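The values are calculated or read from the model by the stated rules, or taken from the named source; none is laboratory data. All values reported here derive from a predicted model rather than from experimental measurement. Ideal geometry is used to build each Cβ from the backbone, glycine not excepted, and the neighbour counts take in all protein chains shown.
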Number of protein chains: 2
Amino acid sequence: MKANLTIILIAVLGLFITSCKETTSSEPSASPEQVFTIAIHGGAGAMPKGTYTPEQEAAFHAKLKEAAQLGYEMLSRGDSAVDVVQAVICMLEDSPLFNAGKGSVFTKEGKIQMDAAIMNGRTLDCGSVNNIQRVQNPIKVARMVMDSSKYIMFSGEGAEQFAQLNNIPQADASYFYTQHQYERWKGMKDSTEGKYIRYVDSVMALQNIPTVLNNIEEKFGTVGCVVKDKYGNLAAGTSTGGLMNKKFNRIGDSPIIGAGTYASNNTCAISCTGTGEDFIKTVAAKTVADLMEFKGLTLEAATNELIHVRFKEIKGDGGLIAIDKNGNVSFQYNSDGMFRAKVDDKGNITTYIYNE
Amino acid sequence: MKANLTIILIAVLGLFITSCKETTSSEPSASPEQVFTIAIHGGAGAMPKGTYTPEQEAAFHAKLKEAAQLGYEMLSRGDSAVDVVQAVICMLEDSPLFNAGKGSVFTKEGKIQMDAAIMNGRTLDCGSVNNIQRVQNPIKVARMVMDSSKYIMFSGEGAEQFAQLNNIPQADASYFYTQHQYERWKGMKDSTEGKYIRYVDSVMALQNIPTVLNNIEEKFGTVGCVVKDKYGNLAAGTSTGGLMNKKFNRIGDSPIIGAGTYASNNTCAISCTGTGEDFIKTVAAKTVADLMEFKGLTLEAATNELIHVRFKEIKGDGGLIAIDKNGNVSFQYNSDGMFRAKVDDKGNITTYIYNE
């Protein structure tokens with residue numbers, strides 16, 4: 001009898017250990033199962049309601065929903081927050097709809113230069129790359145920096161070399177090239193400054209969706225994802241192609257821990273989109289986390305303070321998505337809209353484009 | 001009589017405007033003259049008392065004093081916090097005693113790759129460069145990015161190109177080359193990781209100061225400066241050659257706003273030195289500022305919380321210098337020592353190396 005009980009106990013323990021191993025490489029804590037959730041953004045911008053045709057809107061809604069669905073399914077089966085952030089951002093990077101990965105804009109020299117960062121809220125570990133050119137998924141390189149090096153930030157050719165050594169899939173210029181984007185870049189490459197530009201025209205052309213001449217002047221196509229998993233762990237990630245026509249290897253807020261990307265289990269996970277410099281000088285994501293930790297603000301009050309009070313003072317521009325340790329989600333932006341998606345506690349996905 | 005009075009008034013007003021113009025390019029506010037002060041660091045490290053010979057100690061003390069003297073004189077005559085930070089860091093970059101500018105260490109590929117950042121606490125404007133190779137004073141490029149571009153961070157070749165266009169003095173490899181450093185780099189270039197190394201041996205050899213075989217294993221030679229000027233404005237700057245033998249264009253905390261460098265007139269100005277990754281993942285400098293702003297801690301309590309509480313949790317390593325809006329100075333480190341200098345309200349300069 002005692003021997004049988006021992007065997008059963010060992011078997012149960014074995015199953016438990018195996019199941020833990022299967023779920024994730026990020027060692028979730030063993031606390032009781034918690035409410036899990038996910039939020040996604042595909043950039044904020046000057047895009048009042050009616051900016052897009054119904055076909056364009058449908059394409060954005062569908063991709064945002066597909067990404068949220070993927071993340072929610074992974075969370076349901078017990079994947080870690082970090083794994084989910086990476087997978088969801090990969091999907092958005094692979095879509096030509098957003099200014100990240102495949103959809104990245106051209107620099108002044110006609111190149112692709114992408115930035116990305118990921119952060120694990122349980123350990124504060126993070127990884128970040130900038131000015132990366134020949135990789136399909138910059139977020140995978142950021143993750144690899146976090147997991148497989150003692151460091152956090154690698155730049156340019158160095159980051160590419162690290163990616164190659166770690167067998168991360170490469171992509172040549174043709175992977176990113178589209179005739180339509182090229183023509184638009186040619187049209188503005190002699191201007192002195194980089195600009196967030198009318199991006200949707202080109203990507204819609206890619207998909208043979210009818211394009212209208214619209215009045216979008218600024219659109220930040222950065223993508224981001226924040227997650228709370230069933231172990232109570234938070235994670236955040238952001239990926240971007242940066243400014244169209246940028247030069248001097250300009251780096252924005254996306255790959256800067258504390259500015260465009262931040263996660264801590266003590267407070268929240270955040271991903272930002274907008275004029276990068278505004279998020280860098282306010283150390284935006286960490287400001288939100290610290291308003292919660294040191295001042296006791298709720299997630300909603302803290303994100304509101306940043307985007308509608310602090311950003312007013314510095315004439316800042318953009319938005320963010322955030323999830324706190326209790327699973328509350330906050331969308332905050334001072335632009336006309338922000339591509340975004342969230343999932344409620346019953347698994348229902350809602351996607352949004354405009355201020356609605 | 002009335003006409004004479006008017007003429008005198010106009011003359012006085014004219015003098016006042018001229019004097020304002022002369023003092024600085026950073027538009028100090030017109031508030032009454034305040035207590036001004038400055039603090040400097042030349043890196044923290046594992047260097048218990050007795051690590052250096054009296055001759056070595058004297059060389060460090062002399063350079064720290066010279067830099068503090070320069071900064072204090074500039075402040076006395078009304079220069080702005082940002083101008084003082086730049087001038088003091090230039091002096092430290094020009095010295096081979098520190099791992100910044102001329103004294104920068106070699107990367108794994110035998111190159112020099114320097115990072116620097118500067119921040120204006122009055123406006124939150126900031127500038128930052130990383131992986132810059134052919135410039136004598138990286139802090140000048142960071143300042144130029146802040147003043148003459150819409151952006152904050154430029155990287156690698158792009159940052160160099162921006163520096164050239166703005167006529168910032170270049171330096172070729174021979175400016176940085178020393179036989180002794182080269183030999184030491186050759187000795188470790190086949191190791192897999194970058195390392196903070198026994199740095200003083202090489203720089204002392206440069207100056208023909210007798211070198212002893214000492215037990216320093218880790219020394220972060222980064223330099224930094226924090227200032228409060230007589231207009232009540234704060235500024236901070238940091239400059240570094242990074243890790244000896246680093247690869248993949250690794251970026252540390254020095255050029256990351258909120259991590260290694262931060263300034264806000266609302267709270268304090270901070271410059272950090274140590275294992276960069278520890279300062280990035282804790283968003284160290286902004287954490288100190290937010291502990292003051294959101295939790296009401298004093299400067300000393302906030303820096304203590306970061307270096308002796310938070311850093312204990314993550315096994316973090318290093319130190320920082322900080323000045324608050326009232327002119328209080330804080331030195332905080334968990335290493336055996338930190339090269340540092342401060343000036344009291346009578347203009348007396350004190351320099352330190354060890355835990356003393």
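Take the conditions (1) over 16 Å from residue B:86 (Cα atoms); (2) over 17 Å from the mean Cα position of the chain (by Cα); residue B:131 misses just one of them, which is (2). I need the full set of residues from the range B:283-304 which are touching a Gly at 6+ places or on another chain (Cβ under 7 Å) and at the interface with chain A (Cβ under 8 Å from one of its Cβ atoms), in order please. Those that are touching a Gly at 6+ places or on another chain (Cβ under 7 Å) and at the interface with chain A (Cβ under 8 Å from one of its Cβ atoms): B:283, B:286. Could you run through the range B:129-154 and say how many residues are facing another protein chain (nearest Cβ under 8 Å) and either in contact (Cβ under 8 Å) with a residue 60 or more places away in the chain or on the phi > 0 side of the Ramachandran plot (or both)? Number of matching residues: 4.
For the range B:235-251, name all the residues that are modelled with pLDDT of 95 or more and within 7 Å of another protein chain (Cβ to nearest Cβ).
Within the range B:235-251, the subset modelled with pLDDT of 95 or more is B:235-240, B:248-251.
Hits for the range B:235-251 are B:248, B:249, B:250, B:251.
Looking at the range B:252-267, I want the residues that are on the phi > 0 side of the Ramachandran plot and facing chain A (nearest Cβ under 7 Å) and have a partner that is assigned to a loop (DSSP other than H, G, I, E, B) and surrounded by 24 or more Cβ atoms within 10 Å (Cβ to Cβ) with Cβ atoms under 8 Å, at least 6 apart or on another chain. Which pairs are those? Matching pairs, first to second residue: B:258/A:256; B:258/A:258; B:258/A:259; B:258/A:283; B:258/B:283. When residue B:54 is tested against (1) on the phi < 0 side of the Ramachandran plot; (2) at pLDDT below 85, only condition (2) is not met. Within the range A:111-128, being surrounded by 24 or more Cβ atoms within 10 Å (Cβ to Cβ) and free of Cβ contacts under 8 Å to residues at least 60 places away in the same chain holds for one residue alone: A:127.
Residues that are β-branched (Val, Ile, Thr) and more than 9 Å from every other protein chain (Cβ to nearest Cβ) were ranked within the range B:305-321; the one that is surrounded by the most Cβ atoms within 10 Å (Cβ to Cβ) is B:321.
Within 30 Å of residue B:311 (Cα to Cα), touching a strand residue (DSSP E or B) at 6+ places or on another chain (Cβ under 8 Å) and among the β-branched types (Val, Ile, Thr), is that true of residue A:135? Even if it seems obvious, please write down each step before you answer.
Numbers: within 30 Å of residue B:311 (Cα to Cα): no; touching a strand residue (DSSP E or B) at 6+ places or on another chain (Cβ under 8 Å): yes; among the β-branched types (Val, Ile, Thr): yes.
So residue A:135 fails the test.
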